[in-house]
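J.: My structure is below; once you've seen it, I'll send some questions.
The values are calculated or read from the model by the stated rules, or taken from the named source; none is laboratory data. What you see is a predicted model, and the numbers here were worked out from it, not measured in a lab. FYI the Cβ positions are ideal-geometry reconstructions off the backbone, even for glycines, and counts take in every protein chain you see. To get the accessible areas, we keep the full protein, side chains included, count just its heavy atoms, and leave off ligands, DNA and RNA. Shrake-Rupley method; radii C 1.70, N 1.55, O 1.52, S 1.80 Å.
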Amino acid sequence: MKKHLELTNLIGVVLVAVAIVSAGGLYYLGSEYCTISNTLVSVETLSADIIVARDNVTDRYQVIVTLLVSNPSELDIEVYSIEYMVYADKSTTTLTSYDATIGGGSSGLVDGTVEANTVKELSVMYLIGSGSLYYERLEYAMAGGNSAWMYLSGFALFKLSDYEEVDGQRLGLPFYPREVTVIG
Amino acid sequence: MAESSNEHETFRTKLKLVLWSVSAGTIVAFFFSSNFLAWATQFNPGGSILFISPLMCGIILGVITCQMEAISTVISSIIMTIWTTIAVILVLMSPLLFGIVLDPTGTLWMIHAPQNMLITILLVLPISLLGAITGRLFAENTILSSAMRRERAMLKSETEEWYKMLEEKLEEKREALEKLKAEQEMNILREKEGKAPGGPENG
């Protein structure tokens, strides 16, 4: 009888010991989950901007879309793509219509890693060649001057560098219609 | 003095039962949470662990509660299920509990939390109960010492003897009662015959 009781007690003690280890595992899981969630909700785009430069030699416009991404969390993130659409018009009335589009698409980033507790500027660039539809639209929007009303819409995609499965997270592009001066 | 010692022993048994059930629940909760949050860790035990862990913990609970009453095994499974569910909810809701995510619909991962909680409740109770009963049966047939089994057999035969004796006593009583009843009926009949108006005395 006593021998049997000792055996069940022994199994019980082992069970409790394993449970203590499991409780540690649960704490680890919870803290990891909190860290990831914190990263997902705290990463943000502080600002988005459009820079347009004219190359008089080749008669082309260079459009640069820049983002200022803040990562106040403890994990590194990797912004790997910016999906955007750039609009230009004489005024804000029809600025967001499809006819005002002067470029867009999906641009991958070479080094989009934003380390923990840092702010980093990321940019993508494209060219508008003379004679193209976008070229004509931009020229029309500037109306002979050197500035046009512009708007940027879209989002950036990021993933967590240490967690491959946490992918496809979106970052908004905070951009309000504004008058952009063309450089050059 | 003996009563106090008995109470103390009962309290200890109950405490042990709760402690073991909560421990088993913690282990199951760890495996379930690891499976649900496999994307967040390097440790992925796989889907089969959802069946294996409650079954194994149930078997262990059945073995260690074989000395107690049968109802204790069932109660331990229920406590284990409740604790597992609480622990899984705590882990899955940890970002909310710590105030990191104020809007649960704001993150993609929260969407699966109710489903995972439901899976936990639906899987743990039946599987752990099955395991506990299996474990108890196994322990009663194999682990129990031969002395213990002899003791149980003796107790069983003693109880059967007691029942037999009780039956015999009841039979004796029944016979005596029937005899008494028959005598009483005879007396009543005799009395009736003696007092009857058109009886032999008046003729």
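J.: Any chance region A:95-115 includes a residue that's within 14 Å of chain B (Cβ to nearest Cβ) and modelled with pLDDT of 90 or more?
T.: no
J.: I'd like to know if region A:23-39 contains one or more residues that are within 14 Å of chain B (Cβ to nearest Cβ) and touching a residue at least 60 places away in the same chain (Cβ under 8 Å).
T.: Filtering region A:23-39 for residues within 14 Å of chain B (Cβ to nearest Cβ) gives A:23-39.
Of the ones still in play, those that are also touching a residue at least 60 places away in the same chain (Cβ under 8 Å) are A:36, A:39.
Yes.
J.: Kindly provide the set of residues from region B:66-78 that are farther than 15 Å from residue B:126 by Cβ, in contact (Cβ under 8 Å) with a residue 40 or more places away in the chain and within 14 Å of chain A (Cβ to nearest Cβ), ordered by number. Steps first, please.
T.: First pass over region B:66-78, keeping only residues farther than 15 Å from residue B:126 by Cβ: B:66-72, B:75.
Checking which are in contact (Cβ under 8 Å) with a residue 40 or more places away in the chain leaves us with B:66, B:68, B:70, B:72, B:75.
Residues satisfying the conditions are B:66, B:68, B:72.
J.: Now, a different point. I'm told residue A:76 meets every condition in (1) in contact with a Lys or Arg (Cβ under 9 Å, 6 or more places away or on another chain); (2) surrounded by 15 or more Cβ atoms within 10 Å (Cβ to Cβ) except one. Can you identify the failing condition by its number?
T.: (1)
J.: Just for region B:36-52: of the residues that are within 14 Å of chain A (Cβ to nearest Cβ) and surrounded by fewer than 20 Cβ atoms within 10 Å (Cβ to Cβ), which one is nearest to residue A:9 (Cα to Cα)?
T.: B:49
J.: Pick out the one residue from A:102, A:36 that is surrounded by 15 or more Cβ atoms within 10 Å (Cβ to Cβ) and in contact with a strand residue (DSSP E or B) (Cβ under 6 Å, 6 or more places away or on another chain).
T.: Being surrounded by 15 or more Cβ atoms within 10 Å (Cβ to Cβ) and in contact with a strand residue (DSSP E or B) (Cβ under 6 Å, 6 or more places away or on another chain) holds for just one of A:102, A:36, which is A:102.
J.: Next question. Test each condition in (1) closer than 30 Å to residue A:171 by Cα; (2) open to solvent by less than 70 Å² (accessible area, probe 1.4 Å); (3) more than 8 Å from chain A (Cβ to nearest Cβ) for residue B:97 and report the one that comes out false.
T.: Unmet for residue B:97, out of (1) closer than 30 Å to residue A:171 by Cα; (2) open to solvent by less than 70 Å² (accessible area, probe 1.4 Å); (3) more than 8 Å from chain A (Cβ to nearest Cβ): (2).
J.: Confirm whether residue B:23 is free of Cβ contacts under 8 Å to residues at least 12 places away in the same chain, more than 14 Å from every other protein chain (Cβ to nearest Cβ) and assigned to a helix (DSSP H, G or I).
T.: Here the answer is no, as residue B:23 does not meet what is asked.
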